[in-house]
Every structure is written in C-alpha cells, then in structure tokens.
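The values are calculated or read from the model by the stated rules, or taken from the named source; none is laboratory data. Values in this document were obtained by computation on a predicted structure and should not be read as measured data. Ideal geometry is used to build each Cβ from the backbone, glycine not excepted, and the neighbour counts take in all protein chains shown. Surface accessibility is based on the protein's heavy atoms, side chains included, excluding ligands, DNA and RNA. Shrake-Rupley method; radii C 1.70, N 1.55, O 1.52, S 1.80 Å.
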Amino acid sequence: GPTNVYKAISQSVNTFFYILGGGCKDIQGLGSENIRKKALEFGLLAETGVDLTGEAKGFFPTPEWKAEVKNEPWYIGDTYNLSIGQGDVLVTPIQMTMLTAAIANGGTLYKPHLVDHFSTREGDLIFRDNDWVSKESVGDSNALSVVKRAMRETVLTGSARSLLVVPSSVSGKTGTAQWSSAEEPHGWFIGFAPYDTPEIAITILIES
C-alpha cells in the first residue's frame, strides 16, 4: 500500500528503498554507484581512526567486483540488496555509530576516541587528542532532518516502540543482518537521544 519515507524508515518498508535505490518501471533509482558514493561520504568504507587496533574498513560490492570475484553479472536485485544494506555489504558497529551521530547533529562526522588525554598522577597534561572532527557538512541538511524525524517515528509508532519506556526521547532504526542461510539473522539497532538536543549515539548488534 501507499507509504512515505517516514513510514518506510520507522516500519522498515524494504520495497520503498528498493525503488529508491534501484528504481522500478518509470521510477529511476539512485543506482549502485550513487549509493556507494553516499556511503563513502558518510565514512562507511574507511577506518574511523579510533584508537584501537584491528579496525575493519567495511565493504560495498560493485559490478566490477562481482564480475571478478563471483564471475556473475550485476542484477537489479543486487542494487535492491545494496539499498537496504544486505547482500555483500559489510559495515562495523563503530561506523554505524559515527553515521548515527552525524544524522543526529546535522551532518558532522566525529572521529571516535577511546582516550581523551593522558596526564601524570599530579594532573600535569602529557597528551590530549584534539582531532575530533573527521568531516563536516556531510549529506543534505534537509534530508538529514527528514531521516532524523523518521527515526523518532520508529520509537513513537514503528518497530522500536518498546523504547517508549525509556525516560528520554530516543530515536532510532532497527535492522536485520541476514548473514547465513542456515542460521538466524543478527539484530541491529542504531539510535540517539534526546531527540531535540542529542547527547549520545549508540549502536547495538545482537548476534543470533
């Protein structure tokens, strides 16, 4: 039935994003290359630079990669999968937290840190990491406002209504990682709070 971006995000209407990303009939979708460019803009295909070892970059498939690695052509179904983050897409929880924070704050990607500074026992500063901003003005401000509002609808009327009991105006998005044909999918949740003046962004991944 009829839907819009608010319902599509809050209730996870996959077909809305299939058409948005891959098109259908007279509707021209964004296409896989434009989806990949936007993923790059939001830092999904690079290390965040967090002060931990072993960080992964994530991965978005391309027609060239599929032809070389799988010896298969790129189908419209591949673009549909890409549109909802399924198929061969790989992202890390910390990348998704950066993206969530950027949605909440209006378009600034902040570099995550485990340690803010080092000091002596007497309180003398040894080192402080001032490299906090990774990229500014990512995405379109109007589009980010729409997504932010839709994420609030996820809690108010959508797939995360259980969070209405939290004493803060949480906004978020639920998701599913279908990683195996034989095992149960993993559960995702990204969120931020409070809605009007965000102070915290979170990512939860529950493995099956």
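Tally up the residues in the range 114-151 that are free of Cβ contacts under 8 Å to residues at least 12 places away in the same chain and open to solvent by 90 Å² or more (accessible area, probe 1.4 Å), please.
Qualifying residue count, the range 114-151: 9.
Please work out if Asn105 is closer than 18 Å to Val138 by Cα, in contact with a strand residue (DSSP E or B) (Cβ under 9 Å, 6 or more places away or on another chain) and either open to solvent by 50 Å² or more (accessible area, probe 1.4 Å) or basic (Lys, Arg) (or both).
So Asn105 passes the test.
What's the number of the condition Val91 fails, among (1) farther than 27 Å from Ser32 by Cβ; (2) open to solvent by 40 Å² or more (accessible area, probe 1.4 Å)?
Against the list (1) farther than 27 Å from Ser32 by Cβ; (2) open to solvent by 40 Å² or more (accessible area, probe 1.4 Å), Val91 comes up short only on (1).
Residues that are crowded, with 16+ Cβ neighbours inside 10 Å, closer than 28 Å to Val170 by Cα and in contact (Cβ under 8 Å) with a residue 60 or more places away in the chain: does the range 24-36 have at least one?
Within the range 24-36, none of the residues are crowded, with 16+ Cβ neighbours inside 10 Å, closer than 28 Å to Val170 by Cα and in contact (Cβ under 8 Å) with a residue 60 or more places away in the chain.
Please identify the pairs in which a residue from the range 178-201 that is in contact (Cβ under 8 Å) with a residue 24 or more places away in the chain and surrounded by fewer than 19 Cβ atoms within 10 Å (Cβ to Cβ) has its Cβ atom under 9 Å from the Cβ atom of a residue that is assigned to a loop (DSSP other than H, G, I, E, B) and β-branched (Val, Ile, Thr), counting only partners at least 6 apart or on another chain.
The qualifying pairs are Pro194/Val170; Tyr195/Val170.
Looking at (1) of a type outside the set (Val, Ile, Thr); (2) within 18 Å of Asp88 (Cβ to Cβ); (3) surrounded by fewer than 14 Cβ atoms within 10 Å (Cβ to Cβ), which is the one condition that is false for Gly58?
Answer for Gly58: the failing condition is (3).
Kindly evaluate Ala46 against the criterion of being closer than 25 Å to Ser134 by Cβ, without any contact (Cβ under 8 Å) to a residue 24 or more places away in the chain and buried (at least 16 other Cβ atoms within 10 Å of the Cβ).
Criteria not met by Ala46.
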